[in-house]
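Below you'll find the structure, written out as C-alpha cells, and then a few comments.
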Amino acid sequence: MNVHVPGLSTPAQSFIDAAHGLYIGGAWTPCDSGETIDVLDPATGAVIARSAAGGASDVDKAVAAARQAFESGPWAAMTGLQRGRLITKFAERLEELADELAEIEAVDCGKPVTYAKYVDVGLTSTIYHYYSGWASKVSGETVGVSMPGDFHAYTLREPVGVVAAIAPWNFPLVLTAYKLAPLLAVGCTAIIKPSELTPLSTLRLAQIAEEVGFPPGVINVVTGYGHEVGQALAEHPGVDKVAFTGSLETGRKIVHAATGNLKRVTLELGGKSPMIVMPDADLEKTIPGLAQAIFFHQGQVCTAGTRLYVHKSIHDQVLEGIAECSKGLKIGHGLDPETTMGPLISSNQLQKVMGYLDEGRAEGAEMVTGGGRIGEAGYFMEPTILAGTTDEMSVSRNEIFGPVLAAQGFGDDDLDAIAARANDSVYGLAASIWTRDISAAHKLAKKVKAGSVWINQHNFYDPALPFGGYKQSGWGREEGAEAIRTFTEVKAVCAAL
Ligand code: NAD
C-alpha cells in the first residue's frame with residue numbers, strides 16, 4: 001500500500017498509486033521477474049510507489065519491439081513532417097498536463113513544484129517543440145567531388161536506428177527529452193531507461209506518448225536497476241546507439257559494454273564547473289546569480305557552479321552576499337509552493353555529501369555557513385559555503401552533487417592564470433564568467449575548456465544550444481543541430497555519369 005502524499009492533486013496521486021509496469025511494443029506489461037523497486041519521496045523517506053524491476057529478458061523484448069517499429073510499420077513509413085506533427089502534439093499535451101507532471105517530479109525528485117513546472121516541464125516541452133521543427137529539415141547535401149570524371153554525388157542523412165536512452169535522477173523529464181526529441185525527429189526508435197530512483201515521470205511520459213498516437217514500439221520504457229537493465233541495453237547487439245547521461249563511473253562501464261557491436265555512444269557525464277568573478281562584476285546581479293548557480297536543485301545539477309574563483313578585492317562581500325541569499329531559501333517539501341529548496345535525492349547522496357564536507361574540514365577549508373543536516377525525516381541539508389579552499393582539496397576536485405560551494409580568492413588579473421586554475425579539473429562541462437568588461441569576458445570564454453560558457457549568468461539551457469562536455473565530462477553533444485548529427489548516419493552516394 002502506497003503512502004498518500006498530502007498536497008498531491010487527484011490526477012497525480014492516482015497515477016502514482018497505480019500499478020507500474022514496463023511499456024514495450026505499445027503495451028503495458030509486468031516485468032518477467034515480478035520484482036519491484038521502492039520509489040521514495042526524498043522529502044520524507046516514505047515509499048510512495050513501486051516500479052517494475054526489469055531485467056535482461058525484458059530488455060530483449062523491448063529491443064525487438066523497437067527494431068520492428070524502426071524497420072517496418074507506420075513509423076518507418078512516416079515523412080519527417082508527419083513525425084514533426086506528432087512531436088508537436090506530444091509537446092502540447094505535456095504543456096496541458098504541466099501541473100500534474102510538475103507534482104510527480106516534485107514528489108519523486110524532491111524538486112520545488114514551481115521550479116519543476118517552469119524548468120522541468122517548461123524546458124521539456126520547449127525541447128520537443130524545437131525538434132518538431134527539425135523533423136522536416138533533416139537532409140543530406142550535394143557534393144562536388146575532386147577526382148577527375150563525371151559524377152553525381154550526394155549525401156543522405158539516415159536515422160542511426162534503435163537507441164537506448166539512459167537517464168539519471170536529477171532531471172528525468174528534461175534529460176530524457178534531450179535524447180528522445182531529436183531521435184524521434186530523425187526517425188529512430190527508443191528504449192528509455194530512467195533512474196531506479198525516479199522512474200515515475202518517464203512512465204507518465206510513455207502514457208502520454210501512447211495517448212497522442214506514437215505507434216507501438218517507437219517509445220519503450222524499461223524500468224529497473226542500472227547494473228541490470230542499463231548494462232543489458234549497453235551490451236545488447238540489437239541496440240545501435242546508447243545516449244547516456246549520468247556519472248563518470250557509469251559512463252566508463254557503458255563504453256566497455258558497448259564494444260561488442262561497437263555501438264555509437266554519446267556520454268553526458270559529471271562536472272565541477274568554475275565561476276570566475278572579476279573585480280568589476282555587477283554584484284547586485286552577480287551575487288544572487290552565484291547563489292542560484294550552486295543551490296538550484298540542491299546543487300544536484302551536472303553544471304552546478306561548485307568552484308568559485310572570486311577576486312580578492314570583493315571576496316568577503318561576495319561570500320557574505322551568497323550566505324545571505326542562502327538564508328533566504330525556503331527549505332521544505334517540494335509540493336509546498338513556497339519551497340525554494342528541497343531535499344537531496346537519497347540517504348546515500350546525503351551521506352556522500354556529508355563525507356565530502358568532513359574531508360573539506362580536515363583539509364582546512366573554512367565553513368562560512370551551513371554544513372549540517374536538517375531534521376531527521378527526509379534528506380535535507382543546509383546550503384553550505386566553504387572558503388579558503390585550494391585547487392588541491394578534495395572539495396575542489398570531486399563532483400560533490402550537493403549544495404556545497406568551494407570558494408577561493410585570486411589576486412592576479414592575468415587571464416591566462418585565471419583560466420589555468422578554472423581548467424585544473426578532469427571535468428569540462430560548464431563555466432561562468434562574471435564581469436562588465438566585454439573584452440575580458442570573451443577572451444576568458446575562449447580560454448576556458450568547457451562545453452558551455454555563460455557570461456553574467458549560470459545554468460542557462462536552450463534546445464538550440466549544443467550541450468556537452470570537454471575532457472571527462474563526456475563524449476559528443478546533445479541539443480541543437482549537433483543532436484541531429486549524433487542520431488544519424490551519413491551515407492555518401494556517388495553515381496558515374
Ligand atoms: P548514475 O551514473 O549512477 O546513473 C545514471 C543512469 O545509469 C541510471 O539510470 C542508472 O540506473 C544507470 N546505470 C547505472 N549503472 C549502469 C550500468 N552499469 N550500465 C548502464 N546503466 C547504468 O548517475 P546518477 O547518480 O543517476 O546521476 C548523477 C550523475 O549524472 C552526476 O555525475 C551528474 O553530473 C551526471 N549528470 C550529467 C549531466 C550532463 O548532461 N552532463 C546531466 C545530469 C546529470
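A few points about this structure:
- Whole-number percent relative contact order across segment 309-384, with pairs defined as alpha carbons under 8 Å at least 6 apart: 24
- Taken about its Cα centre, the chain carries a charge dipole of roughly 1160 debye when the Cβ of each Lys and Arg holds +1 and the Cβ of each Asp and Glu holds -1.
- Amide H contacts of residue 374: 380, 381, 382, each under 5 Å away and 5 or more positions distant or on a separate chain (H built 1.01 Å from N in the peptide plane; Pro and chain starts excluded).
- Per residue, the convex hull volume that the Cα atoms of segment 173-318 enclose (Å³): 152
- Taking the Kirkwood radius as Rh and the Cα radius of gyration as Rg, segment 281-433 has a ratio of Rg/Rh equal to 0.95.
- Structural descriptor for segment 283-335: relative contact order 42 percent, calculated from alpha carbon pairs under 8 angstrom and at least 6 residues apart.
- When the Cα positions of 10, 369, 160 are compared along the charge dipole of the chain, 160 comes out farthest toward the positive end, with charges on each C-beta of Lys, Arg, Asp and Glu.
- Each of residue 155 and residue 424 was given a label point 7 Å from its Cα along the Cα-to-Cβ line. The distance between the two points is 4.1 nm.
- Stokes-Einstein diffusion for segment 316-371 at 4 °C, viscosity 1.567 mPa s, with a Kirkwood radius from C-alpha pairs, works out to 98 µm²/s.
- Considering helices alone, the calculated mean residue ellipticity of the chain at 222 nm is -11000 deg cm²/dmol, with DSSP H runs of length four and up weighted by -39500 (n - 2.57) and normalised per residue.
- In order through segment 263-270: 3J(HN,Hα) via Karplus (6.51 cos²θ - 1.76 cosθ + 1.60), integer Hz, x for Gly, Pro: 5, 5, 9, 10, 10, 10, 10, x
- Working note: Karplus 6.51/-1.76/1.60 with θ = phi - 60° gives segment 363-372 the couplings 8, x, 6, 9, 7, 7, 7, x, x, x Hz, where Gly and Pro are set to x.
- Max-minus-min Cα coordinates of segment 1-88 on each principal axis give 47, 33, 18 Å, with the largest extent listed first.
- Our estimate of slack between residue 390 and residue 93, defined as 0.36 nm per intervening residue step minus the Cα-Cα distance, is 102.1 nm.
- Checking the cross-link pairs 253/446; 241/352; 447/491; 443/471; 89/137; 89/179 against a 25 Å limit on the alpha carbon distance flags 253/446; 241/352; 447/491 as lying beyond it.
- Percent breakdown of C-alpha pair distances by 5 Å bin, ordered from the shortest bin, for segment 132-257: 2, 10, 19, 20, 17, 10, 8, 5, 4, 3, 2, 1, 0
- Gained length - residue 147 relative to residue 77, 0.36 nm times residue gap less alpha-carbon distance: 21.6 nm
- Equivalent ellipsoid of segment 19-156: semi-axes from √(5λ) of the C-alpha gyration tensor, largest first, are 39, 23, 14 Å.
- Put a plus charge on the Cβ of each Lys and Arg, a minus charge on the Cβ of each Asp and Glu, and nothing anywhere else: the dipole of segment 242-296 about its Cα centre is then about 520 debye.
- Tail beyond 22 Å, pair distance distribution of segment 346-452 (Cα, percent): 41
- Rounded, prolate or oblate (a/c below 1.5 giving rounded, otherwise prolate when a/b exceeds b/c) for segment 73-150 by Cα gyration tensor: prolate
- Local electrostatic count, residue 484, Cβ distance below 9 Å [Lys/Arg +1, Asp/Glu -1]: +2
- Peptide packing for 291-298, 260-267 was compared via the average number of neighbouring C-beta atoms within 10 Å per residue; ordered from the highest value, the list is 291-298, 260-267.
- For segment 433-497, the equivalent ellipsoid built from the Cα gyration tensor has semi-axes of 33, 14, 12 Å, listed from largest to smallest.
- Using C-alpha pairs below 8 Å separated by at least 6 residues, the relative contact order for the chain is 18 percent.
- Values of log10 I(q)/I(0), in the order q = 0.06, 0.10 Å⁻¹, for the chain under a Debye, Cα-only, solvent-free model: -0.28, -0.77
- Largest first, the three principal axis extents of the alpha carbons in segment 397-436 are 30, 19, 17 Å in whole numbers.
- Positive-end extreme of charge dipole, segment 60-183 - chosen from 109, 135, 90 (charges on Cβ): 135
- Once the Kirkwood radius over Cα pairs is known for segment 75-205, the Stokes-Einstein relation at 37 °C and 0.692 mPa s delivers a diffusion coefficient of 204 µm²/s.
Values in this text are rule-based calculations from the coordinates and carry no lab data. Quick caveat: nothing in here was measured; it's all calculated off a predicted structure. FYI the Cβ positions are ideal-geometry reconstructions off the backbone, even for glycines, and counts take in every protein chain you see.
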